[in-house]
Every structure is written in structure tokens, then in C-alpha cells.
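Rule-based calculations on the coordinates, nothing more; no lab input. Owing to the predicted nature of the structure, the values given are computational and were not obtained by experimental measurement. Counting neighbours? That spans all protein chains shown, and the Cβs are built from the backbone with ideal geometry, glycine included.
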Amino acid sequence: MKEPLLTDAMLTEYGMPIMVGLLICYMVFIVYDLGKQSDAGKWGTFVLFLGLMVGVLGFASKFAIKFFIKV
């Protein structure tokens, strides 16, 4: 029997960062729109993006830590 080109583990390993990256891009749009519609101003929009970026930094640092542990 032939081995499949894409296994479940490979799909999870490569698909998860791509899909979460797309979700982060969508969340950036949502936060921008929220800041614009609520008239938050520059400071309020910055605070909204700061909260979002703390989560993004945690997600990105997970991949950096995994990379440096493997090396």
C-alpha cells in the first residue's frame, strides 16, 4: 500500500500556523475596525492593538522556543 503524501501529523504541523496566521490577520482587521467605529483615537487604537499584539507575541514566541530547542 502506498504511503499518503500528506499525513494527519503533517497537516497539523503545517496547517496550524497558516490558519492561525490568517486568524491573526482577521483579528487585526477587527481591532482596526473597532477602533475606527468607536472613535477611540490614536491612543485608544494603540491600546487595542497592544492587547492584540501581546497575544500574537505569545504565539510567535512558542514557535521560536520550539525552533531553538530543536537546534
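Quick notes
- With neighbour counts taken as other beta-carbon atoms within 10 Å, the residues Leu48, Leu23, Leu5 rank, fewest first, as Leu5, Leu23, Leu48.
- Using alpha carbons only: equivalent-ellipsoid semi-axes of the chain, gyration tensor based, whole Å: 35, 16, 5
- With helices as the sole contributors, the chain gives -30500 deg cm²/dmol at 222 nm; each DSSP H run of n ≥ 4 counts as -39500 (n - 2.57), and the sum is divided by every residue.
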